[in-house]
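Asks: Structure provided below as structure tokens; questions to follow.
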Amino acid sequence: MPALVTFLANKLSSGASACYRKNFDVGVVEWRLLALLKVEQNITANRMCQVIGLDKAAVSRALKLLSERGSVSFIKDVKDGRSSLICLTEEGEILHDKILQVALKREALLTGDLEPEELDTLIRLLLKLNSKVALVNAFDPNDRSLNDAV
């Protein structure tokens, strides 16, 4: 099951990245950051890594690209002078909204054959599985107490 989810995610990410690069000159990583910033403004790069699950280097490269094109801006964090808060610019908002329309059309193509209740079930199950990721990733096969619980 994890392999099937990974295969699907990889293929969708690759296709999305090609589509967004061709049409908007950004990849899927930049898109994910734009989407996150649309929901949660004024956050640190570390917070972005935590939420999206990407490594710092990928987030840093994507933020550099988005900054160079004027889609995000950096503000010194008054609570922590060592870090910056990132927010969408007006240009970033416009870019987000354009890509969102394409992303929603791609999603509709992917899920178009599902009945509404199937889609609801799929989303519910994916959320349930997502809630277990930390537990799964913390699993140590040498820890006997965890092995006995499974």
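What follows draws every value from the coordinates through simple rules; no lab data is involved. Fair warning: this is a prediction, and the values are worked out from it, not measured in the lab. Cβ coordinates were reconstructed from backbone atoms using ideal geometry, including for glycine residues, and neighbour counts include every protein chain displayed.
Asks: Too long at a 20 Å Cα-Cα cut-off: which of 11/105; 11/132; 56/76; 11/38?
Replies: Going by Cα-Cα distance, 11/132; 11/38 fall outside the 20 Å limit.
Asks: Shifting gears a bit: When the gyration tensor of the stretch 2-111 is built from Cα positions, what are the square roots of 5 times its three eigenvalues, in whole Å, from largest to smallest? Kindly include the intermediate steps, with their values, before the conclusion.
Replies: On the way: eigenvalues 127, 55, 26 Å².
Result for the stretch 2-111: semi-axes of 25, 17, 11 Å.
Asks: While we're looking at this one, here's another question. What percent does the relative contact order of the stretch 49-100 come to when contacts are Cα pairs within less than 8 Å and at least six residues apart?
Replies: Answer for the stretch 49-100 is 25 percent.
Asks: How do 106-112, 53-59, 18-24 rank on mean C-beta neighbours within 10 Å, highest first? Provide the component values of the computation, followed by the final result.
Replies: Values: 106-112: 11.1, 53-59: 13.1, 18-24: 14.7.
With the highest mean Cβ count within 10 Å placed first, the list reads 18-24, 53-59, 106-112.
Asks: If you plug each phi of the stretch 119-128 into the Karplus form 6.51 cos²θ - 1.76 cosθ + 1.60 with θ = phi - 60°, what whole-Hz ³J(HN,Hα) values come out, in order, with x for Gly and Pro?
Replies: Values, residue by residue: 5, 4, 5, 4, 5, 4, 5, 5, 5, 4 Hz.
Asks: Which far-off residues, 5 or more places away or on another chain, put their amide H under 5 Å from the one on residue 89, with H placed in the peptide plane?
Replies: Under 5 Å from the amide H of residue 89: 72, 73.
Asks: Dipole size in debye (nearest 20) for the chain around its Cα centre, Lys and Arg Cβ +1, Asp and Glu Cβ -1? Please report the intermediate quantities before stating the final value.
Replies: On the way: 20 positive and 20 negative charges, 105 e Å.
Result for the chain is approximately 500 debye, rounded to the nearest 20.
Asks: What list do you get for 89, 121 if you sort them by fewest beta carbons within 10 Å?
Replies: Working: 89 16, 121 12.
By the 10 Å Cβ count, ascending, the order reads 121, 89.
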